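**Q** Here it is, the structure, as C-alpha cells.
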Amino acid sequence: MDDGQQQQDGLIDLVETAKPSRTALRVAMRRAAHQIYDAQPLVFEDPFAVSILGDTYAEEVRRTPTRPDRPFSVSLRAFLVARSRYAEDNLARAVERGVSQYVLLGAGLDTFAHRNAYPGLKVFEVDHPATQQWKRELLEAGGIASPERLTYTPVDFERESLPEQLAAAGFDASAPTFFAWLGVVPYLTAEAFRATLGFIAAQPQGSGVVMDYGQPRHVLPFLEQLAHDSLASRVALAGEPFRLFFTPDEVAAELSDFSEIEDLGTGEINHRYFANRSDSLRLRGTAGRLLCAWR
C-alpha cells in the first residue's frame, strides 16, 4: 500500500460518516449557552453562536445545565469555550507570522469564518458532507450569509482524500497554514491521528496546529473517572465513541516533527482564561488539555 492510500485509510475516522455530528451540536449549544448564561466578560465572544442554532435548538440551549451542583457540566462548558478562544488566540499569532490559510478539521458549527477580521485570510472548513449540509441549512434558516473567504470542503473519508479535496477547493500547499483540530482527536484511531498529523507536519515551515486531547482514564482521580465514564457513555450513545487518549509525555512523542510546543493543563488554562471571574465558570479536574505546535 502506498503512502497516499495509507493516509486516506487512516483519515477515514476523522469525522462520523453517516449523519450530522451530535457531538458538534452539543459543542455548539455550550458555546451558545456561554453567550447567554455566563458572567461578563465572556471568555469567548461569538455573536453567531446563538443565531446559528435558531429556533430548532433554542429549547435545548435553555436546558443547558447552569446549576452550581453540576460542577462537571459547567467545567465542560468552560473547557469548550476556552478551547475556541485558545484556537483563535493562536490563529492571531499565525496571521502575524504571515499565515494566509486557516483549515478547520471537523469544523462542525464553528462560526469563525463569519467573524473573520483578517483581510487576507482564507478559511477552509473540512467536515463530512452530511454535517456540512446540516450546517448550511441552519445558516440559511437563520438568514446568515456565507462569507466570501470561506470555502466548504466536504470530505467523505471512505471515498476521498483530504489532500486531494483541499487541493480541489483551492488550498495552496506551498503556503504556511494554521490548522484547528478541535474536538476530534479522542474519536480517532491511532492510525487516523498519525495520518492527519503527518499531513499537517508536511506543510511548509511557519505552519501550525492547535488541538485538544484527553488523558487516559487510568491516570485520573476517582471522581474524574466517574465523570469520564458519564461523558463517554453519552457520546457512545450518540454513535461517536471515545477511542484515543494520551498523557502529555505520550502526545509529545507524537509531535517530533514540530517545534515550539505549548501544552496547557487545567491550572494554566484557568489562570489564562478564568482568573478573577464573578461566576463559577472554570475548569475542574485534569482530563482535558490544550496544545499548540508549530512547524
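**Q** Test Pro248 against the stated conditions and say whether it is at pLDDT 95 or above, farther than 24 Å from Arg85 by Cα and of a type outside the set (Val, Ile, Thr).
**A** Numbers: at pLDDT 95 or above: yes; farther than 24 Å from Arg85 by Cα: no; of a type outside the set (Val, Ile, Thr): yes.
Here the answer is no, as Pro248 does not meet what is asked.
**Q** If a residue must be aliphatic (A, V, I, L, M), touching a residue at least 60 places away in the same chain (Cβ under 8 Å) and farther than 17 Å from Ala192 by Cα, how many such residues does the stretch 146-178 contain? Talk me through it step by step, then tell me what you get.
**A** Step one: filter the stretch 146-178 for residues aliphatic (A, V, I, L, M), giving 150, 155, 162, 166-169, 173, 175.
With the extra rule that they be touching a residue at least 60 places away in the same chain (Cβ under 8 Å), the set shrinks to 155, 162, 166, 175.
Filter once more, so that each one left must be farther than 17 Å from Ala192 by Cα: 166, 175.
The number of residues fulfilling the criteria is 2.
**Q** Also, I was wondering about something else. Got at least one residue in the stretch 125-138 being buried (at least 18 other Cβ atoms within 10 Å of the Cβ), part of a strand (DSSP E or B), over 17 Å from the mean Cα position of the chain (by Cα) and modelled with pLDDT of 95 or more? Talk me through it step by step, then tell me what you get.
**A** Going through the stretch 125-138, the residues buried (at least 18 other Cβ atoms within 10 Å of the Cβ) turn out to be 125-128, 131-132, 134-135, 138.
Next, from what is left, pick out any that are part of a strand (DSSP E or B): 125-127.
Imposing the further condition that a residue be over 17 Å from the mean Cα position of the chain (by Cα) reduces the set to none.
No, the stretch 125-138 contains no residue that is buried (at least 18 other Cβ atoms within 10 Å of the Cβ), part of a strand (DSSP E or B), over 17 Å from the mean Cα position of the chain (by Cα) and modelled with pLDDT of 95 or more.
**Q** Run down Pro20, Pro47, Pro68 and say which single residue is surrounded by fewer than 22 Cβ atoms within 10 Å (Cβ to Cβ) and at pLDDT 95 or above.
**A** On the way: Pro20 fails: at pLDDT 95 or above; Pro68 fails: at pLDDT 95 or above.
It is Pro47.
**Q** Are there helices (runs of 4 or more DSSP H) fully within the stretch 157-276 with at least 1 residues that are surrounded by 15 or more Cβ atoms within 10 Å (Cβ to Cβ) and in contact with a Pro (Cβ under 7 Å, 6 or more places away or on another chain)? List them.
**A** Answer list for the stretch 157-276: 190-201, 222-237.
**Q** If we keep just the residues of the stretch 92-124 that are basic (Lys, Arg) and outside any helix (DSSP H, G or I), which is farthest from Ala24 (Cα to Cα)?
**A** Initial filter on the stretch 92-124 (basic (Lys, Arg)): 93, 97, 115, 122.
Now drop any that are not outside any helix (DSSP H, G or I), which leaves 97, 122.
Numbers: Arg97: 30, Lys122: 22 Å.
Of everything passing the filter in the stretch 92-124, Arg97 is farthest from Ala24 (Cα to Cα).
**Q** For Asp89, only one of the following conditions fails: (1) at pLDDT 95 or above; (2) under 19 Å from Ala33 (Cβ atoms); (3) surrounded by fewer than 18 Cβ atoms within 10 Å (Cβ to Cβ). What is its number?
**A** The failed condition is (2).
**Q** Among the residues of the stretch 255-291, write down those that are among the polar types (S, T, N, Q) and out of contact with any Lys or Arg (no Cβ under 8 Å at 6 or more places or on another chain).
**A** Matches in the stretch 255-291: Ser256, Asn276, Ser278, Ser280, Thr286.
**Q** If I ask for residues that are over 22 Å from Ala94 (Cα atoms), of a type in the set (Gly, Ala, Ser) and at pLDDT 90 or above, which ones from the stretch 177-195 would you list? Working first, answer last.
**A** Step one: filter the stretch 177-195 for residues over 22 Å from Ala94 (Cα atoms), giving 186-195.
The next check asks that each one be of a type in the set (Gly, Ala, Ser); those that pass are 190, 192, 195.
Within the stretch 177-195, Ala190, Ala195 qualify.
**Q** If only one of Gly142, Gly98 is over 17 Å from the mean Cα position of the chain (by Cα), in contact (Cβ under 8 Å) with a residue 40 or more places away in the chain and surrounded by 14 or more Cβ atoms within 10 Å (Cβ to Cβ), which one is it?
**A** The unique qualifying residue is Gly142.
**Q** Applying the selection to the stretch 101-124, what residues are buried (at least 18 other Cβ atoms within 10 Å of the Cβ) and among the charged types (D, E, K, R)?
**A** Start the filter on the stretch 101-124 by keeping residues that are buried (at least 18 other Cβ atoms within 10 Å of the Cβ), which leaves 101-114, 121-124.
Passing the criteria: Asp110, Lys122.
**Q** Just the residues that are closer than 16 Å to Asp89 by Cβ and either of a type outside the set (Phe, Trp, Tyr) or at pLDDT below 95 (or both), please, taken from the stretch 262-288.
**A** Scanning the stretch 262-288 gives Glu262, Asp263, Leu264, Glu268, Ile269, Asn270, His271, Arg272, Ala275.
**Q** Scan the stretch 193-212 and tell me whether some residue there is under 16 Å from the mean Cα position of the chain (by Cα) and over 17 Å from Val103 (Cα atoms).
**A** no
**Q** Another question, if that's okay. Could you list, in sequence order, the residues of the stretch 194-209 that are in contact with a helix residue (DSSP H, G or I) (Cβ under 6 Å, 6 or more places away or on another chain) and closer than 12 Å to Leu255 by Cα?
**A** Here is the first cut: in the stretch 194-209, the residues in contact with a helix residue (DSSP H, G or I) (Cβ under 6 Å, 6 or more places away or on another chain) are 195, 208-209.
The answer is Gly208, Val209.
The values are calculated or read from the model by the stated rules, or taken from the named source; none is laboratory data. Since the structure is predicted, the reported quantities are computational estimates derived from the model, not experimental observations. Neighbour counts run over all protein chains shown; Cβ positions are idealised from the backbone, glycine included.
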